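One structure coming up, written as structure tokens, with questions to follow.
The values are calculated or read from the model by the stated rules, or taken from the named source; none is laboratory data. Keep in mind the model is a prediction, meaning the values are calculated, not measured. Using ideal geometry, Cβ is built from the backbone for each residue, glycine included, and neighbour counts are taken over all protein chains shown.
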Amino acid sequence: MPETNTTSIKDVLAGMVDMSSNTLSPLNVIVTLLLACAIGLFIFFIYRKTFSGVMYSRNFGLSLVMITMITSLIILPITSNLTLSLGMVGALSIVRFRTAVKDAMDTMFMFWGIAVGICLGARFWAVAIIGSLGIGLLMVLLTMIKFRTALPYLLVLHFDSEASGSVRALLSKLPGHKLKSRTVRGNSVEMTVEMRLRAEEAGFVDKFLMIDGVYDASLISYQGDIIS
């Protein structure tokens, strides 16, 4: 009995390998890569259109195209050969990527490109196309809607030490401000303050220049985390 069961299991596994060993046609590979390139460029366009960060990186946008194409290229042989898929899964499990992604939206775009690549490699072309069009349209609509919310900024002030009292009095009128750094060089003081302002409140910074002893005031868009 044990020998019969062992033989039957081997036969089943051999049959699975034979059934899953399907050759990929060059036309199928070309069409998949062309679709991946087209949808990857669409994701790149949406990323550039909806970008709202501080520093735009064109290299990251181009990497979205390559991520989509490379992922589809990986999935193509996995879906056509069971033995190859097991080996490739084992090989990919030891790969570690340590590049830090600072913006959560960048992570979303990377995941979007990977998801499209998986769908195209598995030959779910309609899912990839319709899903990308829907996500892209939603991203554009959300970007066009202007939410009247306070945005994070960094206020950098340079002033004489004798004007410290007036500067602190004016800062007290700003809700939710937080001192990030203070540097003193002789009678000169450099102060960096983290705050939240609406777009129409940005003119408040001009009031610091009316204080005697304030050399300059700079307001910088800030995408860091603010602990409330």
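Which of the residues belonging to the stretch 190-208 are surrounded by fewer than 12 Cβ atoms within 10 Å (Cβ to Cβ) and at pLDDT 80 or above?
D206
Listed here are the residues, each with its yes/no results for (1) outside the structural domain of K180 (by TED's automatic domain parsing); (2) modelled with pLDDT under 90; (3) closer than 13 Å to I43 by Cβ; (4) of a type in the set (D, E).
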{"position": "A91", "(1), (2), (3), (4)": "yes, yes, no, no"}
{"position": "R98", "(1), (2), (3), (4)": "yes, yes, no, no"}
{"position": "K102", "(1), (2), (3), (4)": "yes, yes, no, no"}
{"position": "I129", "(1), (2), (3), (4)": "yes, no, yes, no"}
{"position": "V140", "(1), (2), (3), (4)": "yes, yes, yes, no"}
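Given the residues G134, G121, which is the only one that is of a type in the set (G, A, S), surrounded by 11 or more Cβ atoms within 10 Å (Cβ to Cβ), under 24 Å from the mean Cα position of the chain (by Cα) and at pLDDT 80 or above? Walk me through how you get there before you give the answer.
Numbers: G134 fails: surrounded by 11 or more Cβ atoms within 10 Å (Cβ to Cβ).
So the residue among G134, G121 that is of a type in the set (G, A, S), surrounded by 11 or more Cβ atoms within 10 Å (Cβ to Cβ), under 24 Å from the mean Cα position of the chain (by Cα) and at pLDDT 80 or above is G121.
Between a residue in the stretch 25-49 that is touching a residue at least 60 places away in the same chain (Cβ under 8 Å) and any residue that is among the aromatic types (F, W, Y) and in a helix (DSSP H, G or I), which pairs come within a Cβ distance under 7 Å, given they are 6 or more apart or on different chains?
L35/W125; I43/F109; I43/W112; Y47/F109
To keep it simple, each residue is scored yes or no on (1) under 23 Å from S52 (Cβ atoms); (2) without any contact (Cβ under 8 Å) to a residue 60 or more places away in the chain; (3) buried (at least 16 other Cβ atoms within 10 Å of the Cβ).
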residue: V127; (1), (2), (3): no, yes, no
residue: I130; (1), (2), (3): no, yes, no
residue: M139; (1), (2), (3): yes, no, yes
residue: T143; (1), (2), (3): yes, no, no
residue: L157; (1), (2), (3): no, no, yes
residue: E162; (1), (2), (3): no, yes, no
residue: V167; (1), (2), (3): no, yes, yes
residue: S181; (1), (2), (3): no, yes, no
residue: S188; (1), (2), (3): no, yes, no
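Picking from R58, R48, which residue would you name as being within 24 Å of G113 (Cα to Cα), at pLDDT below 85 and in the same structural domain as S132 (by TED's automatic domain parsing)?
The conditions single out R58.
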